[in-house]
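Have a look at the structure below, then the notes.
The values are calculated or read from the model by the stated rules, or taken from the named source; none is laboratory data. In this text the structure is predicted, and so the values were computed from the model without any measurement. All Cβ positions, glycine included, derive from the backbone under ideal geometry; neighbour counts span all protein chains shown. For the accessible areas, the whole protein counts, side chains as well, though only heavy atoms, and no ligand, DNA or RNA atoms are used. Shrake-Rupley method; radii C 1.70, N 1.55, O 1.52, S 1.80 Å.
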Amino acid sequence: MAVETLTFAERRQKWDVKLSPFGFISPYFLIFGVFGLFPLLYTAFVSLQKRNLIDADAATFIGLGNYDQLLFHDPYFWNAMGNTVSLWLLTTIPQILFALGIAHLLNRRLRGRTMFRMGMILPNITSVAAVTIIFAQLFGRDFGLINWVLSWFGAGQVDWQAGTASSHTAIASMVVWRWTGYHALIFLASMQAIPSSMYEAATLDGAKGWQQFWRITVPLLRPQIIFSTVIATTGNMRLLAEPLLFNPGTAAATGGSDRQFQTAALYLYEQGFTKYDFGYSSAIALILAVATMLVAGLSYLVTRRIQTD
């Protein structure tokens, strides 16, 4: 039986066909390894140490000591996690609902709708520092615009930074204002892909505009709603700039005088960059990452269940 022999060019072509796909995707894995996997593994390694940020040579291995202290003996951490979950609820749900409504309006025939569509992305590309500083002025106790409007209805001066509910409301309004337009454009793009014949058939069957929206538009936007919910969840679970800059000064890292709006990311910042406890802040980072994945998974399941029902 004759054995087939391949020339060098044929062998090179054969290996090129087999290996070239791996070469095409290798840049992603290289970048992910350097900027994603390595920092994650290094954070896990540091979290097992008692380590000062400015004196790394004096680090000592303590095993799971940071996690034990964090989960069972640190009430400030659980306060921060509670604030994080509260802000997640106050930001994610309004974002999705407002985005759906705005996208539905922009999908209609309006004058200058292109200008309105472009304007939707402006809050998202605005500097978060500028947005937070402006909103902090709007929610000012003595000269804030919000309190001035509330005074028309007989409401007293609200110290938005002093209370838990009031501060969470103010911070949530910043996040909702910045990100609603982003999600609205995603929904708008998907709405334009829905065949108009479906709405025409529904109109012939006697369905009103509101019924068409809930019975046709929203079910067909299910993948986009799930995507936006997960994206909003991962972002809102790690809020840092908004609570940090909402009350600038000596109590900035603590999220208010009584830690009433300190998030988990802000608590990480406090431990890592004001107290220089690098090991403890690394443990906070890993637990926050796990919590974010769990909450994102829960958001996915809840959104999918609602859409199915």
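Return the tail of the calculated pair distribution for segment 75-308, meaning the percent of Cα-Cα pairs more than 26 Å apart. Please report the intermediate quantities before stating the final value.
Numbers: 12744 of 27261 pairs.
The share of Cα pairs beyond 26 Å in segment 75-308 comes to 47 percent.
Could you look at the chain and say what percent of its accessible area is carbon and sulfur, using a 1.4 Å probe and all protein chains?
Values: 12630 of 18590 Å².
Solvent-exposed carbon and sulfur of the chain make up 68 percent of the total.
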Over segment 154-252, relative contact order from alpha-carbon pairs under 8 Å, at least 6 apart, % = 33
Does segment 235-309 come out rounded, prolate or oblate by the C-alpha gyration tensor, with a ≥ b ≥ c the root eigenvalues, rounded set by a/c under 1.5 and, if not, prolate when a/b is larger than b/c and oblate if not?
-> oblate
Probe 1.4 Å, all chains present, heavy atoms only: Arg113 accessible area in Å², nearest 10, is 80
Provide the descending list of Cα extents for segment 114-166 along its principal axes, expressed in whole angstroms.
-> 40, 23, 20
How about Lys50: which lysines have a C-alpha closer than 25 Å to its C-alpha, ignoring those fewer than 8 places off in the same chain?
-> Lys275
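Longest exposed-loop-site-free stretch of the chain, with chymotrypsin sites (Phe, Trp or Tyr not before Pro), DSSP loop and at most 11 other Cβ within 10 Å? Don't skip to the end; give the middle numbers.
Values: sites that count: Phe143, Trp152, Phe153.
It runs 154-309.
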Can you list the residues, at least 5 places off or on another chain, whose amide H is less than 5 Å from the amide H of Gln49, using H built in the peptide plane?
-> Ile62
Out of Pro243, Pro94, Pro219, any idea which swings most in a Gaussian network model of the chain, alpha carbons joined below 10 Å?
-> Pro219
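For segment 119-224, with every protein chain kept in place, what is the accessible area per residue (1.4 Å probe, Å²)? Kindly include the intermediate steps, with their values, before the conclusion.
Numbers: 6000 Å² over 106 residues.
Accessible area per residue, segment 119-224: 57 Å².
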If ligands, DNA and RNA are left out, what is the accessible area of Met198 with a 1.4 Å probe, given in Å² to the nearest 10?
-> 80
With each run of n ≥ 4 DSSP H residues scored as -39500 (n - 2.57), what mean residue ellipticity at 222 nm is computed for the chain after dividing by its residue count and rounding to the nearest 500 deg cm²/dmol?
-> -21500 deg cm²/dmol
How would you classify segment 23-100 from its alpha-carbon gyration tensor, with a ≥ b ≥ c the square roots of the eigenvalues: rounded for a/c under 1.5, else prolate if a/b is greater than b/c, otherwise oblate?
-> oblate
³J(HN,Hα) across segment 244-252 via Karplus (A = 6.51, B = -1.76, C = 1.60, θ = phi - 60°), whole Hz, x for Gly/Pro?
-> 5, 8, 5, 9, x, x, 5, 9, 5
What list of ³J(HN,Hα) couplings, whole Hz, do you get for segment 258-275 from phi and the Karplus terms 6.51, -1.76, 1.60, once you set θ to phi - 60° and write x for glycine and proline?
-> 10, 6, 6, 9, 7, 8, 5, 5, 6, 5, 4, 4, 4, 6, x, 10, 10, 9
Integer Hz, Karplus 6.51/-1.76/1.60 couplings in order for segment 143-150, x for Gly and Pro | 10, x, 5, 4, 5, 5, 5, 5
Compute, for Glu270, the solvent-accessible surface of its heavy atoms (probe 1.4 Å) with the complete set of protein chains present, and express it in square angstrom to the nearest 10.
-> 10
